[in-house]
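A.B. asks: Quick one: structure below, then a few questions.
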Amino acid sequence: MKTRLFLAIALSIVGSSLALHGTQAQQAGIKRTDLQRHDLSVPGREAIQVRVDFDPGAAFGKHTHPGEEIIYVLDGSLEYEVEGNRSIRRSRANACSYPCRCYTSASSTSRSTSPTCRSCSETLCSDSGDAI
């Protein structure tokens with residue numbers, strides 16, 4: 001009986017934390033769509049590619065990733081702040097990259113209401129299984 005109660009409580013805690021993680025993963029005004037995830041030819045490394053769509057003026061707060069980050073702006077313009085450097089503005093068909101564990105933040109500088117005017121493709125290369 002005690003084992004069942006303990007198991008029920010443990011499952012409830014795990015389920016709650018997973019649900020909370022899922023709600024935190026999508027920030028208001030930002031939609032993230034996973035495009036692909038696969039192992040690289042270097043053992044233990046993988047590439048993760050996502051599309052990120054920003055509403056006008058939406059922003060990602062300061063964060064890091066466990067691997068290198070490569071960004072290609074599909075439409076609109078985005079401004080990136082990189083740890084220890086000035087802001088960098090990138091517009092359509094421009095790219096930038098950042099080293100692993102570097103603090104960055106991003107915001108949409110596009111003011112149009114077109115749903116496709118502020119998006120980018122983000123590719124992360126990191127150790128297999130690392131949380132992005």
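The values are calculated or read from the model by the stated rules, or taken from the named source; none is laboratory data. Here the structure is a predicted model, which means the values were calculated and not measured. As a convention, Cβ positions derive from the backbone with ideal geometry for all residues, glycine included, and neighbour counts pool all protein chains shown.
A.B. asks: Does segment 67-88 hold any residues that are charged (D, E, K, R), farther than 11 Å from Ser119 by Cα and surrounded by 13 or more Cβ atoms within 10 Å (Cβ to Cβ), and which are they?
C.D. replies: Selection gives Glu68, Glu69, Glu79, Glu81, Glu83.
A.B. asks: Return yes or no: is Gly57 in a loop (DSSP other than H, G, I, E, B) and either of a type outside the set (Val, Ile, Thr) or touching a strand residue (DSSP E or B) at 6+ places or on another chain (Cβ under 9 Å) (or both)?
C.D. replies: yes
A.B. asks: For Asp34, which of the numbered conditions (1) surrounded by fewer than 11 Cβ atoms within 10 Å (Cβ to Cβ); (2) of a type in the set (Asp, Glu); (3) closer than 13 Å to Ser119 by Cβ fails to hold?
C.D. replies: Of the numbered conditions (1) surrounded by fewer than 11 Cβ atoms within 10 Å (Cβ to Cβ); (2) of a type in the set (Asp, Glu); (3) closer than 13 Å to Ser119 by Cβ, the odd one out for Asp34 is (3).
A.B. asks: Restricting to segment 117-132, and then to whatever is farther than 13 Å from Gln36 by Cβ and part of a strand (DSSP E or B), can you tell me which residue is modelled with the highest pLDDT?
C.D. replies: Across segment 117-132, the extreme among qualifying residues is Asp127.
A.B. asks: So, in segment 40-56, of the ones that are out of contact with any Leu (no Cβ under 8 Å at 6 or more places or on another chain) and more than 15 Å from Pro66 (Cα to Cα), which residue ends up surrounded by the fewest Cβ atoms within 10 Å (Cβ to Cβ)?
C.D. replies: Residue satisfying both the conditions and the ranking: Ser41.
A.B. asks: Further, regarding this structure: Report whether or not Ser105 is at pLDDT below 85 and either of a type in the set (S, T, N, Q) or part of a strand (DSSP E or B) (or both).
C.D. replies: For Ser105, the condition - at pLDDT below 85 and either of a type in the set (S, T, N, Q) or part of a strand (DSSP E or B) (or both) - is not met.
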